[in-house]
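> Quick one: the structure is below, questions incoming.
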Amino acid sequence: MAEHAEHPAYPVGLRLSGRRVVVIGGGQVAQRRLPALIAAGADVTLISPSATPSVEAMAESGEITWTRRRYEDGDIADAWYALVATSDPEANTRASAEADRTKTWCVRSDDAEAATAWTPATGRSEGVTVAVLTGRDPRRSAAVRDAIVEGLRDGSLAAPHHRSRAPFVALVGGGPGDPDLITVRGRRLLAEADVVIADRLGPRDLLDELPPHVEVIDAAKIPYGRFMAQEAINNALIEHAKAGKAVVRLKGGDPFVFGRGMEEAQALAEAGIACTVVPGISSSISVPGAAGIPVTHRGVAHEFTVVSGHVAPDDPRSLVDWESLAKLTGTLVILMGVDKIGAIAAALVAHGKAPETPLALIQEGTTAAQRRVDATLATVGETVKAQDVRPPAVIVVGDVVGVRADRTE
C-alpha cells in the first residue's frame, strides 16, 4: 500500500452484525477496539495465547470467542474484517498477508502503511457516528472527533434533523441560571427544538443562541405580576406537540423541584403524548455552592432539608412542618421565600431555633448579578428590607453559613 500512500483513504461504514471478525492479539489495542466491534454486533473471534483482564472478561461473559494460541495460517478464512495487533512483527506480517490473499479488510496496529484499512477516531452522539481520519496524525484525528462530538452533545454544533421524525416534548431543567450549568442533554435538545416554552428563571442567555425559526413562548411566572396560567402552559405543550413540533419546556433548576413539572407530564400523558424529563441542577444546592456555602460539612451538618417558602407558616395552605424543622440540627434551604422570610424566621424561633442562627440570602445565584447577604434569624426581616433583597434568592439557614474555604474547621 506504500506506493499509494499519497491517496486519501476511502471512508465507509462497515455493517458487521452477525459477521465474522477476527482479532489477533489480546493486548491493549484489542482492549480498546473490541467494545466497538461487540457493539456493532460482530461475531468476534480472538486469537491470542494471553489477554488483558478486561479482554478475558469479555470472553468469559460470552461477548467474544477466545482461541488461546498464537496465529496460524488460515485463521482469517471467511472473515469479513480483521484486526492484527500482536507484539510479534513476523506474525503480524503473515496475518496481514493472509488477509490480503483472502481480500479481507485488515487493520494492522504496528504498520499502518502495510494495512488495507485504518481505524478512524470514532465517537457517537444520539444516533450520529463521527469517524475522523487524518492519515498519520491519530492525535489530531482524536481532537477533531472530540470537538465534533462535544459540539453535537452540548448543542453548540447545530445539526437539525431533516427527515421526518416523531414529534417530542422534553421537560428540561435549565439549572440555576448560568447557561453553562445546563446539562449536555438539555442543551442538545434545545438545539433540536422547533418551539421553546421558557420560564423566567431558566437560563435566558441560551435563548439567544436559538435559530431564527424557533418559536420562543414566554411562560414567565413573575411573583404578583403577569403570568401564564399553568393550564395555558399545558395546552401550549399539547398543541405544539400535536402539530408535529419538537417542543422543549425550559424550566429553571430541576423540573421536579418546586417546578410543577409533574403537572405538565400528567397533562401530556392524558393527551396521549409521551415526554422526556431531563433533570437539572437544583438551585437548592448549586446556588449555596456558588456562594461558597456547603449545605453539608463534616462536623457541622449531616443533613439538609429543602422547603418552599412561598406560603407563610400561618397560612392554612402550608404543608411545611415548621415546628419539626426548628428541631433539626442540619441545614435548612428555603426556596421562593424572600417575601415571607420574616414570618418564617419568627416561626422557627418560636419553635425553639436560636435567634442567633446564621442565615444567608443569595440573590440571582450563579449569574453575573449574584450577591450574598448575611443575617441571623433575629435580624433577617429588617436586613431584607434594608438591603432590598429581591427574588429569585435562595436562603440558607444553619451553621454551614459560617464555614469558609480559607479557614480550617
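The values are calculated or read from the model by the stated rules, or taken from the named source; none is laboratory data. Bear in mind that the values here come from a model prediction, so they are computed numbers and not experimental data. Using ideal geometry, Cβ is built from the backbone for each residue, glycine included, and neighbour counts are taken over all protein chains shown. Protein only, heavy atoms only, side chains kept; ligands, DNA and RNA dropped before computing areas. Shrake-Rupley method; radii C 1.70, N 1.55, O 1.52, S 1.80 Å.
> What does the charge add up to near D88, with Lys and Arg as +1, Asp and Glu as -1, over the other residues with Cβ less than 11 Å from its Cβ?
Local net charge: 0.
> Ranking request for peptides 350-363, 9-22, 191-204: highest mean number of other beta-carbon atoms within 10 Å first, then the rest in descending order.
Put in order of decreasing packing, that is 191-204, 350-363, 9-22.
> Still on this model: To the nearest 0.05, what FRET efficiency results for S50 and H297 with a Förster distance of 51 Å applied to their C-beta separation?
Computed FRET efficiency for S50 and H297 comes out at 0.55.
> Keeping every protein chain present and rolling a 1.4 Å probe, give me the accessible area per residue for the chain in Å².
Spelled out: the 1.4 Å probe surface of the chain, per residue, equals 53 Å².
> With viscosity set to 1.002 mPa s and temperature to 20 °C, compute the Stokes-Einstein D of segment 1-141, Rh being the Kirkwood radius across alpha carbon pairs; µm²/s, no decimals.
The estimated diffusion coefficient comes to 139 µm²/s.
> So how strong a dipole does the chain carry about its Cα centre when Lys and Arg Cβ are +1 and Asp and Glu Cβ are -1, to the nearest 20 debye?
Using only the charged Cβ atoms, the result is roughly 280 debye.
> Give me the number: length gained by fully extending D88 to R68, i.e. 0.36 nm times residue separation minus the C-alpha to C-alpha distance, one decimal in nm.
That works out to 5.6 nm of additional length.
> Quick check of the Kirkwood formula: for segment 325-409, what is the inverse mean of 1/r over all pairs of different Cα atoms, in Å?
Final number for the Kirkwood radius of segment 325-409 is 13.1 Å.
> Under 8 Å for C-alpha pairs, at least 6 residues apart: give me the relative contact order for the chain, rounded to a whole percent.
Once normalised by length, the contact order is 10 percent.
> At a 1.4 Å probe radius, carbon and sulfur cover how many percent of the accessible area of the chain?
53
> Can you tell me the 0 to 90 degree angle between the C-alpha axis of helix 138-154 and the longest principal axis of the chain, rounded to 10?
40
> Output the peptides 284-291, 311-318 sorted from most to least packed, where packing is the average of other Cβ atoms within 10 Å over each peptide's residues.
Listed from highest to lowest mean packing, they are 284-291, 311-318.
> Once the Cβ-Cβ distance between Q387 and N235 is put in as r, and R0 is 35 Å, what FRET efficiency do you end up with, to the nearest 0.05?
FRET efficiency, Q387 to N235: 0.30.
> While we're here: Using a Förster distance of 51 angstrom, determine the FRET efficiency expected from the C-beta separation of V311 and R140, and round it to 0.05.
With R0 = 51 Å, the Cβ-Cβ based efficiency is 0.30.
> Before anything else, pin down the relative contact order of segment 16-128: Cα pairs under 8 Å, at least 6 apart, normalised by residue count, whole percent.
24
> If every alpha-carbon in segment 245-320 counts as one equal scatterer, what log10 I(q)/I(0) does Debye give at q = 0.11, 0.12, 0.22 1/Å?
Results for segment 245-320 at q = 0.11, 0.12, 0.22 Å⁻¹ read -0.45, -0.52, -1.07.
> Could you name the aspartates and glutamates in cross-link range of K385, using Cα to Cα under 12 Å and dropping any fewer than eight places away on the same chain?
Straight-line reach from K385, under 12 Å: D339.
> Given labels modelled 7 Å from the Cα in the Cβ direction, how far is it in nm from R260 to R371?
2.9
> Also, quick follow-up: Which value at 222 nm does the chain reach when only helices count, each DSSP H run of 4 or more adding -39,500 (n - 2.57), with the total divided by all residues and rounded to the nearest 500 deg cm²/dmol?
The per-residue figure over the chain is -8000 deg cm²/dmol.
> Give me the net charge for the shell around V277: Cβ to Cβ below 14 angstrom, other residues only, Lys and Arg +1, Asp and Glu -1.
+1
> If you don't mind, there's one more thing I want to ask. Give the cross-link partners of K353 among the lysines, using a straight C-alpha distance below 21 Å as the criterion and excluding same-chain residues fewer than 8 apart.
K327, K340
> Report the relative contact order of segment 262-409, percent, no decimals, based on alpha-carbon pairs under 8 angstrom and at least 6 residues apart.
Once normalised by length, the contact order is 26 percent.
> Moving on to the next point. Could you state the orientation-averaged shadow area of the convex hull built on the Cα atoms of the chain, in nm² to one decimal?
Value for the chain: 27.7 nm².
> If the convex hull of the alpha-carbon atoms of segment 190-328 is projected onto planes in all directions, what is the mean projected area in square nanometres?
11.2
> Take the Cα atoms of segment 285-378, find their three principal axes, and give me the spread along each one in whole Å, biggest first.
If we take the Cα atoms of segment 285-378, the spans are 37, 30, 22 Å.
> While we're here: If you take every DSSP beta bridge whose two residues both sit in the chain, what share of them, in percent to the nearest 5, is antiparallel?
So the antiparallel bridges in the chain amount to around 35 percent.
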